[in-house]
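Below is one structure, written out as structure tokens; the observations come after it.
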Amino acid sequence: MDLEGPLSSDPWIVVGALVVTTFLIKGAGSLVMGDRELPAWFPRFVEYLTPALLAVLVVTQLVGSAGAHGMTFDARIAGFAGALVAWRLKAPVPLVILVAAAVTAGVRALG
Amino acid sequence: MTGSGAERGRPAVPADARRAAWVAGARAAVPFTVAIFAFGISFGVLAKGAGFDALAATSMSGLVFVGSSQFAAVSVIVNGGGWAAAAVAGTLLNLRYLVMGFAILPALRGGRARRAVESQLVIEESWAIASDADGRFDRVRLLSSGVVLWLGWVLGTLLGALGPFKAVDILTYGLDAVSPVLFFLLLAPHLGTARKRTAAVTAAGCAVLLTAVAVPDTAIAVACVVAVVWTWRAR
């Protein structure tokens, strides 16, 4: 392995390491619990975990940005608002998605 | 059928209902898969630039199957970091699957190894598609949506790593607005009670604050805390 420049890491080492840790993390439930039952409060916890986690994902996908720190308010907001309107009007899912992308692209092209 | 987790949780499901669940899961995954396919092309292009050949990039997508984690790991390398830093960055972004993996456990079946393998198809999208409003999960919808999403991610990566693409112009086509909308559509059926709505709103508010101070990844942990508090209050 040469140690110069940004490409010094052997890609296969990264792939191997990440494959192992991912398998252990995703499989941890089964690997740790075996055939034991989860505690009785667990389904209720999941009942609240699901909306909380999905709400977090909506926010981070809507105002987060991979390249920048802090919040980014851009054309995605307009696309999201348009999609909400389509959703309230009971548009089918593909149409709601199409509205989101089209409004976002349109606002971005104008702005 | 050997008795284990799944049968305790749910009554035996007739073949017709199972087939319907396969179709429902796969169909629900399609809009997500389009977005993930484009995302996969972008990942393939990035990995190619970081010195990954097509086989390494595609193997990573096939075996890790977590976009954010893979992007983080490869970005570390692009920015000059070593393999250990890359693996740690990718692993940290995977930690949320600890909670999601435990949550879906009662729906899986078979021995320890088989359930661990089936858990690998868990990503946010397949997990949410498989979830029912009562806090339970449907194994068939997890597997069918997971396989469709996996194919999109792997084929997208392969195309990006092999093809002449610079990167898919996600911004020009407004594709970056698709994932928050899709997650909202997955969220909507889980807002049936006042308690669930307040849990969602509280978690969303925390996510806004954490994004504002530039640590959005910690918001996943906050969602877990919110769920714990609401579980405790609901006793």
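The values are calculated or read from the model by the stated rules, or taken from the named source; none is laboratory data. Treat the numbers as computed from the prediction; the structure is a model and nothing was measured. Cβ atoms come from the backbone with ideal geometry, glycine included; neighbour counts cover every protein chain shown. Side chains are part of the model used for accessible areas, which takes the heavy atoms of the whole protein and leaves out ligands, DNA and RNA. Shrake-Rupley method; radii C 1.70, N 1.55, O 1.52, S 1.80 Å.
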When B:Ala103 is run through (1) small (Gly, Ala, Ser); (2) within 22 Å of A:Val20 (Cβ to Cβ); (3) within 8 Å of chain A (Cβ to nearest Cβ), the failure sits at (2)
Consider the stretch A:14-27. How many of its residues are in contact with a Phe, Trp or Tyr (Cβ under 8 Å, 6 or more places away or on another chain), open to solvent by less than 10 Å² (accessible area, probe 1.4 Å) and within 18 Å of B:Ala107 (Cα to Cα)? 1
B:Val45 - would you say it is of a type in the set (Val, Ile, Thr) and under 21 Å from B:Glu124 (Cβ atoms)? no
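When the residues of the stretch B:207-220 are narrowed to those that are without any contact (Cβ under 8 Å) to a residue 24 or more places away in the chain and more than 16 Å from A:Thr72 (Cα to Cα), which ends up surrounded by the fewest Cβ atoms within 10 Å (Cβ to Cβ)?
As a first pass, look at the stretch B:207-220 and keep what is without any contact (Cβ under 8 Å) to a residue 24 or more places away in the chain: B:207-216, B:218-219.
From what is left, the residues that are more than 16 Å from A:Thr72 (Cα to Cα) are B:218-219.
Values: B:Thr218: 14, B:Ala219: 25.
Out of the qualifying residues, it is B:Thr218.
Would you be able to tell me the number of residues in the stretch A:29-64 that are more than 7 Å from chain B (Cβ to nearest Cβ) and open to solvent by less than 50 Å² (accessible area, probe 1.4 Å)?
The initial filter retains those residues of the stretch A:29-64 that are more than 7 Å from chain B (Cβ to nearest Cβ), namely A:32, A:36-37, A:39-40, A:42.
Retained after the next criterion (residues that are open to solvent by less than 50 Å² (accessible area, probe 1.4 Å)): A:42.
Total satisfying the criteria: 1.
Within the stretch A:65-94, can you find the residues that are of a type in the set (Lys, Arg) and open to solvent by 30 Å² or more (accessible area, probe 1.4 Å)? Lay out the reasoning, then the answer.
Residues of the stretch A:65-94 that are of a type in the set (Lys, Arg), as a first pass: A:76, A:88, A:90.
Of everything in the stretch A:65-94, those that are of a type in the set (Lys, Arg) and open to solvent by 30 Å² or more (accessible area, probe 1.4 Å) turn out to be A:Arg88, A:Lys90.
If the requirement is being buried (at least 24 other Cβ atoms within 10 Å of the Cβ) and in contact (Cβ under 8 Å) with a residue 60 or more places away in the chain, which of these qualifies: B:Ile170, B:Ile129? Steps first, answer last, please.
Working: B:Ile170 fails: buried (at least 24 other Cβ atoms within 10 Å of the Cβ).
One residue alone meets the criteria, B:Ile129.
Only one of these is hydroxyl-bearing (Ser, Thr, Tyr) and modelled with pLDDT under 95: A:Thr60, A:Thr22. Name it. Walk me through it before giving the result.
Details: A:Thr22 fails: modelled with pLDDT under 95.
After applying the criteria, what remains is A:Thr60.
When the residues of the stretch A:95-111 are filtered to those that are open to solvent by 70 Å² or more (accessible area, probe 1.4 Å) and part of a helix (DSSP H, G or I), which remaining residue is farthest from the other protein chains (Cβ to nearest Cβ)? Walk me through it before giving the result.
Here is the first cut: in the stretch A:95-111, the ones open to solvent by 70 Å² or more (accessible area, probe 1.4 Å) are A:95, A:98, A:109-111.
Remaining after also requiring part of a helix (DSSP H, G or I): A:95, A:98, A:109-110.
On the way: A:Leu95: 11, A:Leu98: 9, A:Ala109: 8, A:Leu110: 12 Å.
Residue satisfying both the conditions and the ranking: A:Leu110.
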Restricting to the stretch B:101-122, name every residue that is in a loop (DSSP other than H, G, I, E, B), in contact (Cβ under 8 Å) with a residue 40 or more places away in the chain and buried (at least 24 other Cβ atoms within 10 Å of the Cβ). B:Leu108
If you check B:Phe71, B:Phe43, B:Phe37, which single one turns out to be in the same structural domain as B:Leu149 (by TED's automatic domain parsing) and open to solvent by less than 10 Å² (accessible area, probe 1.4 Å)? B:Phe43
Do we have B:Val154 as open to solvent by less than 10 Å² (accessible area, probe 1.4 Å), closer than 20 Å to B:Ser59 by Cβ, of a type in the set (A, V, I, L, M) and at pLDDT 95 or above here? no
Residues in the stretch A:2-20: is at least one within 19 Å of the chain's Cα centre (by Cα), over 24 Å from B:Pro180 (Cβ atoms) and facing another protein chain (nearest Cβ under 7 Å)? yes
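If we keep just the residues of the stretch B:83-100 that are part of a helix (DSSP H, G or I) and in contact (Cβ under 8 Å) with a residue 60 or more places away in the chain, which is surrounded by the fewest Cβ atoms within 10 Å (Cβ to Cβ)?
First pass over the stretch B:83-100, keeping only residues part of a helix (DSSP H, G or I): B:83-92, B:96-100.
Those still in the list that are in contact (Cβ under 8 Å) with a residue 60 or more places away in the chain too: B:92, B:96, B:99.
Numbers: B:Leu92: 13, B:Arg96: 24, B:Val99: 20.
Only one residue fits best here, namely B:Leu92.
Of all residues in the stretch B:145-191 being part of a loop (DSSP other than H, G, I, E, B) and closer than 28 Å to B:Ala203 by Cα, which is nearest to the other protein chains (Cβ to nearest Cβ)? Outline the logic, then answer.
Residues of the stretch B:145-191 that are part of a loop (DSSP other than H, G, I, E, B), as a first pass: B:163-174, B:191.
This time we only want the ones that are closer than 28 Å to B:Ala203 by Cα, so: B:170-171, B:174, B:191.
On the way: B:Ile170: 10, B:Leu171: 7, B:Gly174: 3, B:Leu191: 6 Å.
So the residue we want is B:Gly174.
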Between residues in the stretch A:67-93 that are at positive phi and residues that are exposed (fewer than 15 other Cβ atoms within 10 Å of the Cβ), which pairs lie under 9 Å by C-beta distance while being six or more apart or on different chains? A:Gly70/B:Ala212; A:Gly70/B:Val213; A:Gly70/B:Ala214
